[in-house]
Each structure stands twice: as structure tokens, then as C-alpha cells.
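Q: Quick one: the structure is below, questions incoming.
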Amino acid sequence: MIEMTAKLEARMQAKPDDPLGWAMLGRAYRMMGKMPDAQKAFARSVALKGDDAEVLADYAEVLAVIAGRLDGDALKLAQRALAVDGRSEKALALLGTGAFDAEDYKGAIGYWERLLALAPPGSEYAQAITGAITEARASCSRAVSSSMSNSGWKPQMGAIMASPACTSTR
């Protein structure tokens, strides 16, 4: 991996206007855990060709790892990736996780339901996404229940899970 990365670095010095090369170098750095270097390489790739959903999502992921959360530029890049390709699995996964972490459970459910529709049925991948959706629904129900109990309202059994507050509209 180190040798391949060194060759890519040399190639990029010789061909600095190659967005694919910068993206490949960014991925190599990411795999090596060199996130600041990955960030610079992805930034260069996006500056040269900013309409590649996969590169935008990779760049968003690196920024989110560096920051420890999906917000700011990382969030904007993930949204941009999804705008370029509405079926970008990495963008949907990132945005779902970002929404969940921000306690926007309805948003997380929406992104993850879209992602689930792209997963092979019955696969481990689909099962993991289903688990995340279930967790988001449970978290949403707890949040709605807490909010309602603080207001003095007592819902009937099952009303919270069926509540529009916990149902995706994406």
C-alpha cells in the first residue's frame, strides 16, 4: 500500500490536473488512516471535477471522520453527492447517520429507508440497515413519548410508533 501510494503521489506531481488520480490518492490515504492528506487529495479532486457523487461522498466521509460528526462542510458535501446521484449509497448512509446523531430520527429513517431499497434483499447489509431503522424508530418513539409526558398528554398504546413524528416522508 505504501509503495502504491508513493507511485500515486509521483503521478499526481506529474499530472496535477487529474481528478481521478487525486480521488484515488485520497482513498489510499484514507485506507492508511492519513485523514488530513486524504482531505487535501479529495479537495483537489472536487475542485477539478465537482460532479462525481462518489468522490463527494468520500470527501464528506473524511471530513466527518476528522470532525467526529457529520456537519458543516461534510454535511454539505454529502447533500451535494445525493443531489448528483439520488442513489448514492455512501451519501444516504452518511446523511442517515448524521441525522440520527443530530436526533433527527425521522430524517434518519427516511435516508435509511431509501438506502434499504438499494440493498440486496435478505443480505447482511439489508439487515444492518433494518436494524438502524428499528433503532431510529425506537429513539424517535422515546423522544416523542418524553415530550408528550412532559406536556401531560397520555397516548394510547402504539400511538407513538404510528405517529407522523416517527414516519419518514423522504
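The values are calculated or read from the model by the stated rules, or taken from the named source; none is laboratory data. Remember, predicted model here, so these are calculated numbers, not experimental data. Cβ placement follows ideal geometry from the backbone for every residue including glycine, while neighbour counts extend to all protein chains displayed. These area figures cover heavy atoms from the full protein model, side chains too; ligands, DNA and RNA do not enter into them. Shrake-Rupley method; radii C 1.70, N 1.55, O 1.52, S 1.80 Å.
Q: When N is the residue count of the range 1-91, what does its C-alpha Rg come to as a fraction of 2.2 N^0.38 Å? Show your work: numbers first, answer last.
A: Values: Rg = 12.6 Å, N = 91, 2.2 N^0.38 = 12.2 Å.
This ratio for the range 1-91 stands at 1.03.
Q: Ranked from the most accessible area to the least, with a 1.4 Å probe and all protein chains present, what is the order of Arg87, Arg27?
A: Working: Arg87 160, Arg27 55 Å².
These residues rank, largest area first, as Arg87, Arg27.
Q: Provide the packing ranking of 94-107, 124-137, 2-15, i.e. peptides ordered by the mean count of other C-beta atoms within 10 Å per residue, highest first. Walk me through the numbers on the way to the answer.
A: On the way: 94-107: 20.2, 124-137: 16.3, 2-15: 12.3.
Those peptides, ordered most packed to least, come out 94-107, 124-137, 2-15.
Q: May I pose another question? Please report how far the C-alpha centroid of the range 65-130 lies from that of the range 10-54, rounded to the nearest whole angstrom.
A: Value for the Cα centre distance between the two parts: 22 Å.
Q: Select from Ala119, Ala136, Ala83 the residue farthest towards the positive end of the dipole of the range 69-145; place +1 on Cβ of Lys and Arg, -1 on Cβ of Asp and Glu, and compute about the Cα centre.
A: The listed residue farthest towards the positive side: Ala83.
Q: Setting aside same-chain residues fewer than 8 positions from Lys90, which lysines have a Cα under 16 Å from its Cα?
A: List returned: Lys76.
Q: Same structure again: Stretched out fully, how many nm does the piece from Lys76 to Thr130 gain, at 0.36 nm a residue minus the Cα gap?
A: So the chain would gain 16.9 nm between Lys76 and Thr130.
Q: Which of Val62, Val144, Val46 ends up with the largest GNM mean-square fluctuation for the chain, with Cα atoms connected below 10 Å?
A: Among Val62, Val144, Val46, the largest mean-square fluctuation in the Gaussian network model of the chain belongs to Val144.
Q: Same structure again: So, R0 is 41 Å and r is the distance between the beta-carbons of Lys15 and Ile66; what FRET efficiency does that work out to, to 0.05?
A: On the way: r = 27 Å, r/R0 = 0.65.
Here the calculated transfer efficiency is 0.95.
Q: In addition: Divide the volume of the convex hull of the Cα atoms of the range 71-139 by its number of residues and quote the answer in cubic angstrom per residue.
A: Taking only Cα atoms, the range 71-139 has a hull volume of 67 Å³ per residue.
Q: For the chain, what value does the Rg/Rh ratio take when both radii are computed over Cα atoms and Rh is the Kirkwood radius, given to two decimals? Present the calculation step by step, with values, prior to reporting the outcome.
A: Numbers: Rg = 19.5 Å, Rh = 17.6 Å.
Using Cα coordinates only, the ratio equals 1.11.
Q: Treating only the Cβ atoms of Lys and Arg (+1) and Asp and Glu (-1) as charged, compute the dipole magnitude of the chain about its Cα centre; round to the nearest 20 debye. The partial results should precede the final answer.
A: On the way: 20 positive and 20 negative charges, 41 e Å.
With Lys and Arg at +1 and Asp and Glu at -1, about 200 debye.
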